[in-house]
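This report refers to the structure that appears directly beneath it.
The values are calculated or read from the model by the stated rules, or taken from the named source; none is laboratory data. Note that the structure is predicted; figures quoted are calculated from it, not measured. Cβ placement follows ideal geometry from the backbone for every residue including glycine, while neighbour counts extend to all protein chains displayed. Heads up: the accessible areas ignore ligands, DNA and RNA and are worked out on the full protein's heavy atoms, side chains in. Shrake-Rupley method; radii C 1.70, N 1.55, O 1.52, S 1.80 Å.
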Amino acid sequence: MMLFKTGLRYLLRRPLISLLCVLGVALGVAVVIAIDLANESASRAFNLSTETVAGKATHQVSGANGLLDQDIYRRLKVDLNVREAAPVLAAFVVAVDLEQQPMRVLGVDAFAEGPFRNYLGRGAESVGADLTQLFTQRDAVLIGQSMARRYGLKRGSTITLRVGDARTTVRVLGLISSPDANSLRALDGLIIMDLGAAQRLLNLPGKLSNIDLIADERTAAGRDILQRITAILPPDARIEKPERRSRSVESLSDAFRLNLTALSLLALVVGMFLIYNTITFSVVQRRPIIGTLRCLGVTQGEIFRLILSETLLLATIGGLLGVVLGVLLGQGAVALVTRTINDLYYVVTVRDVTVAPLVLFKGFALGMVASLVAALAPAYEATSIPPITALKRTVVEQRVSKLLPYVAAVGAGLLALGAMLLLLTTQLVVNLGGIFFVLIGVALMSPLVTQWLMRGAALVLNVMAGLIGRMAARNVTNAISRTAIAIASLMVAVSVIIGLQSMISSFRRTVESWLDTTLTADVYITPAPTAGAGSLVRMDPALVEQFRGDAGVADVSVLRRALAEFKTAVTDWSPITLLSVGSSREQSPNTHVWSARPGTGLWASMRGRDEIQVSEPFANKHGVTRQNNVVTLRTARGDRPFTVIAVYYDYGSDAGVILMRRDAYQQYFDDDAISSIALYLREGANAGQAADAYHTQLAGRELLISANRELRENALAVFDRTFAITGALNVLATVVAFIGVLSALMALQIERTRELGVLRANGMTLRQMWGMTLMETGLMGGTAGLLAMPTGLLLAFVLVYIINLRSFGWTIQLVLDPLTFAQALAVAMGSALLAAIYPMLRLSKIQIASAVRQE
């Protein structure tokens, strides 16, 4: 306890040192918690939403393209006398006057709802209105109380909804209340209306999205009813459990969230370097005290426990601060993560961060463990030196220099282990672990490389700056136990910037090239985005004939984007986006991974055949090859095998896409709907002017009319939003590394107080000392930047050709931009030089007499 009080007194007298350690832990913990909270909130919101819509249903009847004929429900109720069955039509719309929020419309039959969802179970008590008006008034809807409070809605208020190319105004009949907080949160983005009204709103007369069932498979009666229902279902319908459907959809974003988690852990690793430097600094400052305590009989174990207990105290404070900061950062992270999920995967409405205690505890525990691991080396240093040599720094540096080859050998071993984990397995979690081993391995090899570089730098600086330059290079080497960690932490942060920036810029250029070859039409017309509508997005077929009669249009291509279910040899039934294109032009993609036939005329050769093309992510994730090229689709004619004759490059979805001719789609899916239209103008026409003219011509309709260039810019804007959170993590890692360099320089200055005093006594001016300090920090930053270049290049190769391909299934052409490497070197140099400012200011306060005084 006496020793602990001594340590506590030291920490209280030097708040800046304590603050640096606390900050390192807090930032690392905050990033981990913020990303985890964002992922957890998005996942929880999705699950709550699906559970709210599914209610107590144990099974659901669903269609191949997301829609069912209403007659199936009639047969279940009349022919089979199934009592616990309820028809549902669910789809997403956009609430125009409620911040353009996506809302899920749930069309239900109030008379069949009782066993499934309790919103209407308490009748007027739960909604504060006469429920008979729900199915007698076409525009009546129910919403949750929390949403009503947020937007100032009440009974009688109106909401404007956008569905496809039309707007409809609905009226709030009542507000749904629930004593359960989770139910209230789930109701936040839900609009409930009568089934018939929902069919009119969505322009889907006689259609359902699914039929809810309650049947206990554990009983003979339950199994019997399920078998009887299965027997009367058409070929394109099936029975499945709601949780299976939701898991299948949510798994689409698993790779995205896993990569975010890995990036957040990287921030914690960089924070460990900061903790190491800070604890080392505190040990350096107390070296005389520790030596005295050792002479007075304090054991090595007691000193070791003292350092660790101090670290534990600071880590606890930093961890608690990190928890608070993580929750605050989580709100911003939720916005970034959910926006990307909505852009690329599925719709999830998240208004608030869901604070899961387990996530907070995990982040706090990781911070504590990381702090203790980072403090082991400084604690050992404080105890491993005999008392008589406690004041002699040269002894420590001599021992460290002898160990450097062995440390580098361990680093080479970790580098090799990381390479094995990356090359010998396709498990993404193991691959991400391989990246960490590679980075740590290179960091352990950096001290030995630093020594070699400083020998060459000493010769160059001797010519350029004389004695001061030579001393600066030697000072970096002479204090390698201090400078190496600062250089390594800065090197890791900068190499991650190089790797991620190279991957992102390469990806962006690949996407730009892909857009140039894919967007071949001049003008594209689609309904205004209705999030997650999938196969429910439809356009008026009359528009096609209208454009075909336009003298300025040479050709019209129609596209149908629908939901389907597929199965391959390695994948069970899963949802997929199915694209069907109808055009007189060649619609086969220009660039193929492989093709069973020549690219020229490939589209025409598919006419009348059970043949499809699939995107590269689909092929990579579901084992489609030249030999294993059969995909079974659930169609209106039953389960039907299709032959994959080509795999094409596609960067629009990492979930994958199936492409087929429109005539084949209509034949097998009985669907004539149109999702978008592409116009090919006559030669010499201006696409931008044509798009403006169509805007005027079709004013009042909810259509997006985009010229080729505009659509390309919108696609790249989605790309940039997707990687916005990566840039934020890069900045945070750099800040932590900068603080690490600062703490290392402060430790060096304290250790060299007598040396600096002797130099001043022998005539070295303050200006010369500043110059020497700047050169030292410049050498540290330059070394970190130079080492980061090959490390970042290696990381870019790994991210592009291993992690990205296995996570998302995309082949990216690696394009290295010299400007990225120059900027990274500038960041390393700038961070180091900025970190030198405070130590330089402290130099002017050195008292020569007290600095050179020795007992």
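Between Phe642 and Val631, Thr632, Leu633, the built amide H atoms are under 5 Å apart, and every one of these is 5 or more places off in sequence or on another chain. With the highest mean first, a sort of the peptides 554-562, 32-40 on other beta-carbon atoms found within 10 angstrom per residue produces 32-40, 554-562. Each peptide in 663-669, 69-75 receives the mean, over its residues, of other Cβ atoms within 10 Å, and ordering these scores from highest gives 663-669, 69-75.
A straight Cα-to-Cα reach below 30 Å connects Lys845 with the lysines Lys5, Lys392, residues fewer than 8 places away in its own chain not being considered. Protein-only accessible surface at a 1.4 angstrom probe places the residues Ile612, Ile317 in the order Ile317, Ile612, largest first. Each residue of segment 296-310 was assigned a 3J(HN,Hα) from its phi angle through the Karplus curve 6.51 cos²θ - 1.76 cosθ + 1.60 (θ = phi - 60°); the sequence is 7, x, 5, 7, 4, x, 5, 5, 4, 5, 4, 5, 5, 5, 4 Hz, with glycine and proline shown as x. The figure for Tyr651 is an accessible area of roughly 30 square angstrom, using a 1.4 Å probe on the protein chains alone. Taking amide H as placed 1.01 Å from N in the peptide plane, the amide H of Leu703 sits under 5 Å from that of Ala528, each at least 5 places away or on another chain.
Per residue, segment 399-501 exposes 43 Å² of accessible surface when a 1.4 Å probe is rolled over the protein heavy atoms with every protein chain present.
Couplings 3J(HN,Hα) of segment 551-565, computed from phi: 5, x, 9, 7, 7, 10, 10, 10, 10, 10, 10, 10, 8, 9, 10 Hz, in residue order, whole Hz [Karplus 6.51 cos²θ - 1.76 cosθ + 1.60, θ = phi - 60°; x for Gly and Pro].
Heavy atoms of the protein chains alone define the surface here; on that basis segment 598-659 has 37 Å² accessible area per residue at 1.4 Å probe size. When each of the peptides 540-553, 95-108, 406-419, 770-783 is scored by how many other beta carbons lie within 10 Å of its residues on average, the order from highest to lowest is 770-783, 95-108, 406-419, 540-553. Taking amide hydrogens as placed 1.01 Å from N in the peptide plane, the amide H of Asp555 sits under 5 Å from those of Tyr680, each at least 5 positions away in sequence or on another chain. Taking 25 Å as the cut-off for C-alpha to C-alpha distance, list the pairs among Lys56/Lys207; Lys207/Lys241; Lys56/Lys567; Lys77/Lys241; Lys56/Lys77 that go past it. Long pairs (Cα-Cα over 25 Å): Lys56/Lys567. Residues Cys295, Cys21 ordered from highest to lowest accessible area at a 1.4 Å probe: Cys295, Cys21.
Couplings 3J(HN,Hα) of segment 209-219, computed from phi: 8, 6, 10, 7, 10, 10, 8, 8, 5, 6, 10 Hz, in residue order, whole Hz [Karplus 6.51 cos²θ - 1.76 cosθ + 1.60, θ = phi - 60°; x for Gly and Pro].
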